[in-house]
Structures are given as C-alpha cells and as structure tokens.
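Just below is one structure, and these are the notes that go with it.
The values are calculated or read from the model by the stated rules, or taken from the named source; none is laboratory data. Just so it is clear, the structure is predicted and the values come from calculations on it, not from any experiment. For neighbour counting, all protein chains shown are included, and Cβ atoms are generated from backbone atoms with ideal geometry for every residue, glycine included. SASA here: full protein model, heavy atoms, side chains in, ligands and nucleic acids out. Shrake-Rupley method; radii C 1.70, N 1.55, O 1.52, S 1.80 Å.
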Amino acid sequence: MNMDFSGKRVLVTGSTMGIGRATAEMFHAAGAVVAINGRNAATVAKAARDIGQARLVEAPGDIRTEAGCKAVVGMAIGAMGGIDCLVNNVGIRPLARLMDVTEAHWDEVISVNLQSAMFCTTAALPALRVSKGNVVMVSSIAGLMAGPTDRFVYSVAAAGLVGMTRTLALELAGDRIRVNCLCPGFVDTPMVRAENTATNGQVDRWVETVMPLGRLSTPRECASSILYLASEDAAYCTGSTLVNDGGCAANACWGSK
C-alpha cells in the first residue's frame, strides 16, 4: 500500500491529542506538510514541537463558528501554499439523555462536531478544487447504529457526518474531490478515559461484554484508516464509510443504557 504523502499538504482539526494527534503524526511521518489545530495556541505549539517542527504548521483557533473555521483553514492554506487533504476530526462528547439536553448542550455539540466539518470544508473547497484533493470525516459507530442513550446529541451529530460525507461525495465528484468517512468505536483517548471515570467504569464493562475484540482501539489504528482513505490506493473510494470498531457493529451493540 502506498502511504507516501511526500509533498502533500494536510490539515487535521483537533490534532493536539487523541485520534487527531496520531493522524497528524502518521501523515508527518509519511512525508506530508501537516497543519496542527486546537483551540489553545500553546497546546498547538507543544504538539508541533513534540512531533518535530519541520513540515509542521501551527493553525490554532476555535472552529465552533463559521468565522473560526474560515480563520483556521485560511491560516493553514496560507502557510502550506494549498491543501490536499482536510481531516475533519474535532469532536466532543458531553453526556446527556434526551430529556437532559439543554439548548446550550445541543448547540455546543452540533457546532463542534457537525457544523465545523461543514464550514471547514466550505473554506477549504477552492483550494481542494485546485489540488483535486480529498476530505476525511471522523464520525463514530454511533452514526450508524443505536448506542448508549446518554450520548444522544453526539450520536445525532455522528449520523449527520455520515450523511454529509455521502451528500458531499456526490456534489464534489465532478471536481474530482473525494469525501470519505471513518466510524471508530471506543478508542483509548483522553475523552474516553474521562468518560470511563465519570461513569464509574462503564466503558470497561462494555469492553468486557459487547466488544468482540475485547479491547479499545488505539488512536494509531484509527489514524492508519484515515491515511488509507486519503491515499492514492483509495482513489476510487468516495462517499464511503470505513468502520473501525473492533466488531461492535457485527455484534449489533457498542454499548447499552
């Protein structure tokens, strides 16, 4: 498989930790110029130093708003001289069941997890048309099947990303821009570890009872799937959803109650 991204320019949103950080590291190791994004400029700078500085661009900024998306994408494209791949990875998962969802909770999750992907893609589109590049959405298995009910808005946003992937793939096919989606299950990230603590080991119990492979995914296992979708080996894939969930979908469960 050709995982050489030498000369390619990649922006990964939410790339200071977790799946985004692993993805930035793997693209960088494969030769790409990578723009690192996060809300906090100091955290972004530290991630760039840790990864290696060379061929790295710092693009800090809050992408909860259209203006924020335009600013971050514009900063990255300006520094890299264009863009070949946009990875819409940023996401949050505050817990709430339907009747506990407030307007503020809804707005926060939708703006971070779903709206940012749309407006970052919109901002990157002129440059992607020039490069005939591609977009990878990072959604969740929650976008494809019923999941823990205390992740209500997160699941709605995840399903929206899957739908956005398919719709954009059709719209942009004429521009030779591919759009694909990764749907991970539970991944060993700071967010999931915090959830496990907040729910008194709920994730640990699911690992034991409903996950066929019996463990969490690593961020690197998700990152490798993202690099495949962005690679020339996936040049005939668009509108596709790659599931990386340890068998949860096959087991028809990725968590309950």
TODO: Answer yes or no as to whether LEU213 is in a loop (DSSP other than H, G, I, E, B) and either closer than 19 Å to CYS253 by Cβ or of a type outside the set (D, E, K, R) (or both).
DONE: yes
Open item on the list: Considering only residues that are touching a residue at least 60 places away in the same chain (Cβ under 8 Å), farther than 22 Å from THR122 by Cβ and either touching a Ser or Thr at 6+ places or on another chain (Cβ under 6 Å) or among the β-branched types (Val, Ile, Thr) (or both), which ones fall in the stretch 9-66?
Closed with: GLY18, ILE19, ARG21
Task: Checklist (1) of a type outside the set (Lys, Arg); (2) at pLDDT below 95; (3) open to solvent by less than 40 Å² (accessible area, probe 1.4 Å); (4) more than 16 Å from the chain's Cα centre (by Cα) applied to GLY91, failing item - done: (4)
Open item on the list: Here is a list: CYS183, CYS248. Which entry is open to solvent by less than 20 Å² (accessible area, probe 1.4 Å), at pLDDT below 90 and outside any helix (DSSP H, G or I)?
Closed with: CYS248
- [ ] Considering only residues that are aliphatic (A, V, I, L, M) and touching a Phe, Trp or Tyr at 6+ places or on another chain (Cβ under 6 Å), look in the stretch 28-44 and name the one that is most open to solvent (accessible area, probe 1.4 Å).
- [x] ALA30
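A quick yes/no check of all residues on (1) in contact (Cβ under 8 Å) with a residue 60 or more places away in the chain; (2) open to solvent by less than 60 Å² (accessible area, probe 1.4 Å); (3) more than 18 Å from the chain's Cα centre (by Cα):
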position: ALA158; (1), (2), (3): no, yes, no
position: ALA169; (1), (2), (3): yes, yes, no
position: ASP175; (1), (2), (3): no, yes, yes
position: VAL179; (1), (2), (3): yes, yes, no
position: PRO190; (1), (2), (3): yes, yes, no
position: ALA198; (1), (2), (3): yes, no, yes
position: GLN202; (1), (2), (3): no, yes, yes
position: TRP206; (1), (2), (3): no, yes, yes
TODO: Tell me which of these ALA59 doesn't satisfy, since it passes every other one: (1) open to solvent by 10 Å² or more (accessible area, probe 1.4 Å); (2) modelled with pLDDT of 95 or more; (3) farther than 22 Å from GLU221 by Cβ.
DONE: (1)
Task: Subset of the stretch 95-115 [loosely packed, with under 15 Cβ neighbours inside 10 Å and of a type outside the set (Val, Ile, Thr)] - done: ARG97, LEU98, MET99, ASP100, GLU103, ALA104, ASP107
TODO: Tell me the helices (runs of 4 or more DSSP H) entirely within the stretch 61-153 that contain at least 3 residues that are small (Gly, Ala, Ser).
DONE: 66-80, 116-131
Open item on the list: Can you say whether ILE77 is of a type in the set (A, V, I, L, M, F, W, C), open to solvent by 20 Å² or more (accessible area, probe 1.4 Å) and farther than 23 Å from SER111 by Cα, as far as the supplied structure shows?
Closed with: no
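Condition check ((1) at pLDDT 95 or above; (2) in contact with a Phe, Trp or Tyr (Cβ under 6 Å, 6 or more places away or on another chain); (3) among the acidic types (Asp, Glu)) across all residues:
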residue: VAL187; (1), (2), (3): no, no, no
residue: PRO190; (1), (2), (3): no, no, no
residue: ARG193; (1), (2), (3): no, no, no
residue: THR197; (1), (2), (3): no, no, no
residue: GLY201; (1), (2), (3): no, no, no
residue: ASP204; (1), (2), (3): no, no, yes
residue: VAL210; (1), (2), (3): no, no, no
residue: LEU216; (1), (2), (3): no, yes, no
residue: ILE226; (1), (2), (3): yes, no, no
